[in-house]
Every structure is written in C-alpha cells, then in structure tokens.
1. Can you name the residue in segment C:13-53 that is β-branched (Val, Ile, Thr) and either surrounded by 13 or more Cβ atoms within 10 Å (Cβ to Cβ) or in contact with a Lys or Arg (Cβ under 8 Å, 6 or more places away or on another chain) (or both) and, of all such residues, is farthest from C:Leu238 (Cα to Cα)?
2. Go through segment A:174-201 and report how many residues are part of a loop (DSSP other than H, G, I, E, B), out of contact with any Lys or Arg (no Cβ under 9 Å at 6 or more places or on another chain) and either polar (S, T, N, Q) or touching a residue at least 24 places away in the same chain (Cβ under 8 Å) (or both).
3. Filter segment C:263-281 down to residues that are touching a residue at least 40 places away in the same chain (Cβ under 8 Å) and under 11 Å from C:Ile57 (Cα atoms) and give me whichever is surrounded by the fewest Cβ atoms within 10 Å (Cβ to Cβ).
4. Mind counting the residues in segment C:32-56 that are polar (S, T, N, Q) and either over 18 Å from C:Val260 (Cβ atoms) or not in a helix (DSSP H, G or I) (or both)?
5. Condition first: over 22 Å from C:Ile389 (Cβ atoms), at pLDDT below 75 and either part of a loop (DSSP other than H, G, I, E, B) or of a type in the set (Phe, Trp, Tyr) (or both). Now tell me which residues in segment C:476-511 satisfy that.
6. Just one of A:Gly233, A:Gly228, A:Gly248 is modelled with pLDDT under 95 and not in a loop (DSSP other than H, G, I, E, B); which is it?
Amino acid sequence: MSWIIARRRRPVAGYAVVLLGLIAVGAIYAAFSAQGNPASASSPAASQRDTTLGRQLFVQNCSSCHGFMAQGTNTGPSLIGVGAAAVNFQVSTGRMPLKEIDAEAPRKPPVLNPTQTREIAAYIASLGGGPAIPAPEQVSTKGADVGLGQEMFSTNCAQCHNFVGAGGALTQGKYAPALTQSTPTQIYEAMLTGPEAMPVFNDTTITPSEKRDIIAYVTETRSSPNPGGFSLGRIGPVTEGLVGWIGGIGALVLLAVWITAKRRVQG
Amino acid sequence: MSSTDGYTGDVPPGGPEAGETEASRTPHRVIGTPPPAEERTLLGTTQSEAPARPPRELPADPDDLAGASRAEKIVAALFILAMLAGIGFIAAYIGLPVGTGVDAVLRSNLALGISMAVAFLALGVGAVIWVRRLMPDVELTEARKPLASSEADRKAFAETFREGAEASQFVKRPILRRTLIAATLPLVVAPIVLLRDMGPLPGTKLRYTVWRKGLRLVISDTGRPIKPADFDSPGGMITVIPEGFQDNDNALVKATVIIIKFEPGEIEYPTNKKWVVDNIVAYSKICTHVGCPVALYEQTTHHILCPCHQSTFDAPRGAQVLFGPANRPLPQLPMGVNSEGYLVALSDFKVPVGPAFWERG
Amino acid sequence: MTSTNEAPAGTAGEGPVEKVLEGTGTFLDDRLHAAKGTRTLLKKVFPDHWTFLLGEIALYSFIILLLTGTFLTLFFKPSMSPVTYHGTYVRLDGVRMSEAYASTLNISFDIRGGLLMRQIHHWAADLFMAAIFVHMIRIFFTGAYRKPRELNWLIGIVLFTLGMLEGLFGYSLPDDLLSGAGLRILEGVLLGIPIVGTYLSFFLFGGQFPGNDIVPRLYIIHVLLIPGLLLALITAHLFLMFHQKHTQMPGKGRTDKNVVGQPLYPYFMAKTGAFFFFVFGVLALLGCLAQINPVWLYGPYNPVAMSSDSQPDFYMGMLEGALRIFPNWAWNIAGHTISWNVLIPALVPLGLLFTGAALWPFLERWITGDQREHHVNDRPRNAATRTAIGIAVITWYGVMWLEGANDVIAEHFDISLYTTTEIARYAVFIGPVIAYILTKRICLGLQRKDAQTLLHGYETGIIQMRPNGEYVELHAPVPEEERAELEARMTAPVPLEAGAQGEDSVPDPALRGPVGKLRLALNRVVTESVPLPVGNGHGTNGHGNGHDGNGHGTGVAGEPERAAVTSGEGGKTLLGHDDPEDPGGH
C-alpha cells in the first residue's frame, strides 16, 4: 500500500488510474449485460377454450391498437389472416404488447406467459387463418444439415442479420435484431411470417427442412466457443480495429513511456 | 571538438577545463554540457582513489548498489518465469492436441498464447528493469557533423564526375548516346508487354449475363424451380439463380437475381409490367455501385438496401435509386412462365448489370 | 578489434570468453577493417523519448509478420479450385469452398499453434499499420520531416502505401465472404476507371470476377514482392536515420549540433530488445485473447451472399467511408460512362492525402524560407499552423473513417442509418475547418502560457504580506531543465522579410509577383506566434526587460510589432495583464 502511495505522483500513476478505471467499467458492463437464457415456448394445438380465453386477453391487451375485432386502427395493423405463428412470435418475444411507438418494436421480456400467448394466437387464427405455430418436431434441429444452413443463411439472412446473426442496421432507425436469444420456434415463425421489415420466407421457397437447417446453423453457431479468445462481438473488423488501437497501441505506448521514463533518484 | 571521428565524450587526460571544479573531473562526466542535477552521480568523491586506469567513458556500476542487488533478484526471477513459460509453451504444444473440434483449439490456443505472452513480457520487463536499475545512469553528448560536405569535397566530386564523363565519350559522341538509348528502350518496354496474357480482353463480356430465354429461375443453394403459386406470400423475397449455374461463380457474380412478391396494385411505373408475373418482380441482385449483392429487403417500406455502402432502391418502382452512391437502378430481369408453369427468363437483362464501366453507355 | 572499450590487458585476467571475443574480433577486423567504424557505431548516442519508440512498434511488428507469415506459408494453399469441406469444423461440413479457404480452416483447427500464428499475424498487420499512423503523426507534429529528413519522410509514405496494399492482399488470401466482398468492391472500382478500367480488371483477375487467378496472384505479391520492397525500404529508412542521427526533443544542452542520450551499446540495444519482447508479448496476448478474422464464421466467399457489418480492416476504412459518403454522381457521354461516384472516392481523398504529405516538407520550406538543418524537434504548440493543419487533416480523415463503419455505429448507438451519412457529408468539410481554428488558437494560447511562465515563473502558493499591507504571491523561477524546453521556440520558423517598404530598395525576387505575394501571405499565417519574453532571467528581471514602463510587452528584440497584431490581441499586451511587481523568486 505504501508502495503505491509513495508513487502516487509519478506520471505513470495517472495512466494506471485511468487504466484501472477502464478495466473496472468494462468488467461491470460485461457483468451486467450478460445475456439471459432464451425462453422456450410450447405450442400444443389450439382449442375452442383457447379461442375464447384468447379473445378476452386480446381485448384487454391488444385491442386498443389493433381494434376491437382485430381489424386494425391508425396505430396498429389488421391482424386478420396473419396467423397464429405471427402472434406467437410477436408476443413470446415480448415485442407485443408494444410499449412505445418507435421505428421498430424491440424484443423485451414477454408480458404474457406461454399459455396466454397460445390462447391469443388461437383467437387470431380463428379470425382468418394464416400460418400455424410450428410443432416441436418441425423446429427440432436433430439431424439437420448445418452446412446447408450456413449457405442459405449466408445467402438470404446475413445481409440483414450479419454472418452469425449478430444483427445489423436498416434504414430510418430500424434494425435487424441479433438472434442470440431467439428460440428455434421463434426463428421459424419469423421466417414464416416476416415480422415488421423482415421479408416473408414461406414454406415453399424455403422448405421446413431447410428452415430447420438454418435454425441449426444459427443456434449452433451462437453457442459455439470462440477459439481465438474473446469474440469482440462477432461484428467484424470494426471492433478488431478498436481493440488493436486501444489495447495494442495503448499498451505499447504505456510500455514505451515506462522504458524511457527518467529515473527518479531515491533519497 | 575534433572532427576526425566526431565523438567528444572522451575526457582529456590533462587538467580540468577552465572554471570547472574538482568534482567535474570525475571520469564519467562529459565535456561540454554539464548534465542536469538529477543525472549527477554521487560517486564523484569516491572515485578519486581510482589507480592509473584509463579514463572511462561509461561508469562500471550504478549509483544505488543496494537497490541494484534488489533489482537483480527481481530480474532474475522474471527471467526464470520467462524460462518456465517457454517450457510451458513447448509442453502445451506437445500436450494439447487439436483436430477434434473448436473446444480443443480454444484450449490449445489459449495455452500457447498465454505461455508465449508471459515468456516475452517477462523477458521484456526484466530487460527494462535491468537497464533502469542495474546499468548506471548516463547521459552522453555526441557532436553532429554538418551533413553537407565541404566545398572542397564537392568541387573534387564534380571534377571527378566531369573528367569521367569526358573520358567516357558519352557527351562528346551523340551518335553513341542516342543509339544506346534506342537499344535499351525496347528492353524496357518488353516486360510490360509480357504482362499482356494476364487476362483476356473484356470485349463485350461485361454487357451480358448467362440468362437466356427459357432458362428457369431456381432457388439458390437448393436448386428448386419456382411456380408463382409457390411464392404466393406478399412481402416475400428470395434469391434465385439461373438453373444449372449453381457452381459457376463467374456466372453467378452477375446473374444472381432476387424475386419479390407484392400485393396487387403495389407495382408501378417504371417497373416493366410485361416482365412481372403474378405481382412477382425480378431484379438483379448485383448492386450498380460497385457490385455487392444487394438483398437487404425491407418488407414494410419496399426498399432494397445494399449493406456495403447503403445504396437504396425502390422495389415497386423499377428499383430506382432513392439514396446512396449508386447511380443506376437495379436492372429488371424479363420474367415469364414456361409451359409447365415455372418462372423463366424471357431473355437476358436489357442493360448491363452491376457496376458501371466506361464502355457501358 | 582491439580492446579499447575494456580495461587494458593484464589488469583483468583474460578468461576464455575474452579470448574468444578477441579471436573473433581479430578475424573479422583482419578482413573488414571494422574496428573504428564498429566502435563509432557502439558509441552512437540515441536520444530518449517515448515517442521515438513508435516507429519501433512498426519495425518489430514487421519482423513478427515475417516470422508468423513464414509459418503460415508452410500450410496455406493459394488455390481457388473448389473443394467440398469435410474437416474438423463441422458446421461447414459439405459446404463448397476454395482450397485457399479450406487450408485456412485447416491451419486454424488442425495445426497446433496454427490459429495462434494466424491471429498474431493479423494482429501484427493491424498493429503495423496503426504504428505507422502514430509514428507518422509524431513525425509531422514535431517537424522531424524537415531538412535533412525529407527523404526519409518520402520513404515513409511509400511504406505506408505498401503496408496498406500488403494488408489488403493478405486478408484477401483466405477467400472468405468478407474479404471476397472486398475484392468485388475493388473490381467494381477498377471497372469504373475510364478507358482502361475494364482492361485492368480483366488483367488483374485473369478474366471476369472472381475467376481462378486472383488468390494465387495476390499470394505471390503478398509473400514475395511487397515484403521484398518493404524490407528494402525499411532498411533504407533505418540506415538514413542512423546516418543522419535521430532527432531529439528540446531540452537543456540539446542543440542542432549535438545529440544527447545514451549509447547504443549497451543501453539502447537493451531497451530496444526489451521493446521487441514487449511487442511480441502484446501480440501474443492479443493472439490468444482477442479473436480476429474468424473466417469460419464468415463462411467461404459466395458471390450470391453478403453480410451486414461488412468493413475492411481499419486502414482501408477511409476508402470505404469515402465510397459511402459520396453522392451518386455519374456522367453518361456519347455511350461512355464516367462513374464519379466511384472514381472520386477511390482516388481523390487518398491521392490528396499522399500527395499533400509528400509535398508538405517542401511546401513548408518554401513558405517559411527556412533552409536550415533541423535536429531538434518542435513542440507542436510552437508550430501552431502546422499542428492545426495536421489536426484538420486527421479530422477530415477521421470523418470518412467513421463513415466507413456507419452501419455498425447506426446499429449500436441507435442513430438512423441515413442520418450518419448525411451528417458525415457536412462534417467532412466543416469539421476540418473548425478543427483548424480551434487547434491554432489552443496552440497560441499554450505559447502564451509558456511565455508567461518564463517571464513570471511558477506560482508557489506562498502568500507574503508586504509592509504596506499588500498581499502578493511569490513566484519561483522556472528550473533549468524546463527553461530549455520553454525556450525551444528559438528554432521556430523565422518570418520572411517583406523586403523594402520604402521606394528605393528592391524587394526580394522570391517575394515578387502573385506567387511571391501568396508566399508572403502564407508565411505570415505560418509564423504567427506568441513571442518569447526578452532577457528572461528570473522572475523580477523579466519586468525590467520584457516590459516597458506601461507594462506592455516589447516581445523579442527586433521582432516587429506585427506579431502583436496578428496574434489577435490588437494592442493589448501579449503577456497578459499589468500585474503587480512580484518581488519573490530570484
């Protein structure tokens, strides 16, 4: 301790404090921004009871923007014909009910639990059909061809979502979200229904088997370790350059200052 | 200052300079500029009993000998650490295999990298402490000679050069000179000519793609042909390529196409409606700026955005440029259906695809 | 080599080591006549400042690039022939890729130390370029490019360019999606060149893009041709630095006629050796803790595919930003297209930068009329215009650099994508102007502060009460060391004489005509500075000489009054207020 205090007026002390501060901020940020576990959604078949309960939930949570009969208003589009899959996606990712009108609805902790989500989905499906919630075996990645998934993801998805699904910018404040928290069901549903700005990839252009391959690619890649060290976000050379300048040149400049520092004669 | 070797760090064996004191006659002081206060060592008084040794330019030992022996222990410990880390590197190389998957590579990479880093950094830190604490502190002054040579030297050089030029007859005999230059010119040009076969001439290749009348549009990577009924979801978009060219990169880099499905009534001029099938439009996927694939389609705004430099194209209206550095709209592929109902091209693109070039017109 | 550096023979016993050394020395000297020259080399004095080590970062990164690069060449296959992958990285199993890409996966996942060598190699390339940036900036701001070092400055610019190309070609070798897209952009830019563009593109790629030739061609350029050029130029660069001796920072006893520091042997050798270990160590840390260029995540190059967050390595970022920032201008004349939207961003900013940088030493000489040799560096504040121009250029470069990452910035800082480009389009013009003005004024302010410090000394915090009840703060004089630094301004450019103001003298020929008048005008701008106080001994003396009776500064003896006007004070004293005499601080 006295060793530190004795050197508090050295020029290097200032650098050391700044460095400690940066490390502390980085560590705290990393600790607090850890991603949570993706939620899993179950999707049993809809029933009449679901539809009725769903109607009640719809009226309570959704009708103010989407209209009493889901016909749409100024603030929310019509939901007739969007299908159970779309509803399941939007509600299970917490995007709906929407908190504030922005360029895009962000993912947030879901307000309604899986049962309620299923019920609303059943109600909306009853209004005008549309894509159904995929069954668990439809989204299971067992035996999937990850290589084909990589190729198709790269061709159809990476230009928005980035090569591993780390997200990307769109115009006017929109963005393609990172896929780190999406469940297989949600990924399937997103491809199928094309939420917000995302285009629709129906089951005849990308078959269910191919969708499973893509899901396998996304889920396996996001959980695979980074053999080279910290991933730096997996967004390419921008963060690499930052780390190289701040970490690499910064460290070497500090060492250069040390090497060439004038010796203080003790006593 | 002597001019023969330019270095005046030597202390003259004779008496002191005028005005300097006893203390400044110590061997490791330098003539010319007294070093700053912190550099003055304390050994001045103790060094005076030195016997008839030649004057030193560098002191043998640092001032703080106690601190030096402490530092020596630290440096030695660091060097031993570096040695252990180096051995650790070799052990990690031998002991940690790769080739079984990503985890193995992670372990091996981390172990090898950390041991290598520790070895080098410990060596470096030890070396620096060695210099700072174990070597005596000196500040020496060396004279700079003016870089320009003396007038005499320059004159002599000019004379030698002139004499040689005269003796060589180069200046006096213009025929020799000119024919020499003429002889070497083709040899200089020849290496450039040798590069001609590096590639074929462009000809008209950039104007055309492989699309032909009747060639089916198939989905990229899976090769499935498409019927309009398969692509019946408004807001849908998919990348398609000409059938049979999946593995032909040279063809795909110009021939890749995106097809977009619209709601009825959304497609407007200047999209060519004769090339639209069932509200499905086909545009070249190759950006007209510098050629990146441009498939970022926003379903809500109907904008096609290129991720490279953000050129934006208006899909319902002939892919006209809305923003960004691209100057031309994405070419529209003339599309129809064949007798089996599959989407086919009616012909090649009517304009060259991709980046503009001089002969494009 | 006779033992001039050691104790005379006989006083210390000659052990076996000494015998071997003497034997080797004699052997070499008999053949090379090396004793005197080597001794001079060993005693060569190297000045010490941390900024002098920035070039060493580049040098040692280059050596590490050579070492790690050689390792990589033992395993890399520079071929674009397609293969189907069935290797260790199972997520790409069955995927069609080039041999180059497959061999890169092999190096990363199947060769022990392979990934480490790949990552150190790439980090070293980034560090090499970053070090060249900071080194070049240091040289510029300290004026170390002035005579006699203009040649070295020019060599440095060539090294910079070669380094950029070397890095670009190097990271294009694995033929992954990101670098392949970069090559496609390069091809698109080539195509845009008028008249010869299509030919250039076809010759470089051996036909249409991507063809089969580009990776093997870039390979040989990357491992042989450019490294050879770099090695030769780096050697020339270092030799020139040795021969002309390194510059030194202003300080006590440091003049243009000497060099003050520590000798090569053993001090500088030890320090530079230590720094080499540091560079290697930091690179090794980066190579195992920070993942770089994870080509297995990008996937192989596929002309049909594209990713967002596509950027080149940082040193190409300015070009990328230039391409993004530019409006979509193009001309179509008589069947020919001139793509200004591609040509101007690709050629003009970097062309201006390199040409301007290359001409700058000579331009500055012309403006200042300063033909002297300079071996003492300037403090940036003392060359206010130069520093301001440097910061303005950095700002201009920086705006385009940031624009190159605009989609990443838009996504992570929640700014609308188009807005980033629109802001950049204005900032690229307005930013440098503001930067120039701000920097120049800050530099002049710092000069003023230095002059005040020289004149009045430092405040000691000791308050003294005078007999008449007045309180004054005692000032301590500036210590010797610092005085030398603050006075270093003496080597600043000397203003050109405007020639005769009267009718019967002839103006200097160099200053006649429109060019001469331009030169004069620029000279006034460049030499605008705060003059040093005259006769500045210790605190109180300054008032006798530096101020006339009214407390106005008389400036440096002989300095025209113009200086007072041009620094914008308009008649007010340069050295501040009419402060009370402070008796303290002798």
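1. Looking at the filtered set, the residue picked out is C:Thr26.
2. Going through segment A:174-201 one residue at a time, the tally reaches 3.
3. C:Thr272
4. Result for segment C:32-56: 1.
5. C:Glu497, C:Ala498, C:Gly499, C:Ala500, C:Gln501, C:Gly502, C:Glu503, C:Asp504, C:Ser505, C:Val506, C:Pro507, C:Asp508
6. Of the residues listed, the single one that is modelled with pLDDT under 95 and not in a loop (DSSP other than H, G, I, E, B) is A:Gly233.
For every residue, the table says whether it meets (1) more than 24 Å from C:Val304 (Cα to Cα); (2) of a type in the set (Gly, Ala, Ser); (3) assigned to a helix (DSSP H, G or I); (4) touching a helix residue (DSSP H, G or I) at 6+ places or on another chain (Cβ under 7 Å).
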| residue | (1), (2), (3), (4) |
| --- | --- |
| B:Ala183 | yes, yes, yes, no |
| B:Ile192 | yes, no, yes, no |
| B:Val210 | no, no, no, yes |
| B:Ile241 | no, no, no, yes |
| B:Lys254 | no, no, yes, no |
| B:Ile267 | yes, no, no, yes |
| B:Thr271 | no, no, no, yes |
| B:Thr288 | no, no, no, no |
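Here is a yes/no grid of residues against (1) more than 9 Å from every other protein chain (Cβ to nearest Cβ); (2) among the basic types (Lys, Arg); (3) surrounded by fewer than 19 Cβ atoms within 10 Å (Cβ to Cβ); (4) not in a loop (DSSP other than H, G, I, E, B):
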| position | (1), (2), (3), (4) |
| --- | --- |
| B:Gly99 | no, no, yes, no |
| B:Ala119 | no, no, no, yes |
| B:Ala127 | no, no, no, yes |
| B:Trp130 | no, no, no, yes |
| B:Phe157 | yes, no, yes, yes |
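The values are calculated or read from the model by the stated rules, or taken from the named source; none is laboratory data. This structure is a prediction, so every number in the text was calculated from the model and none was measured. Cβ coordinates were reconstructed from backbone atoms using ideal geometry, including for glycine residues, and neighbour counts include every protein chain displayed.
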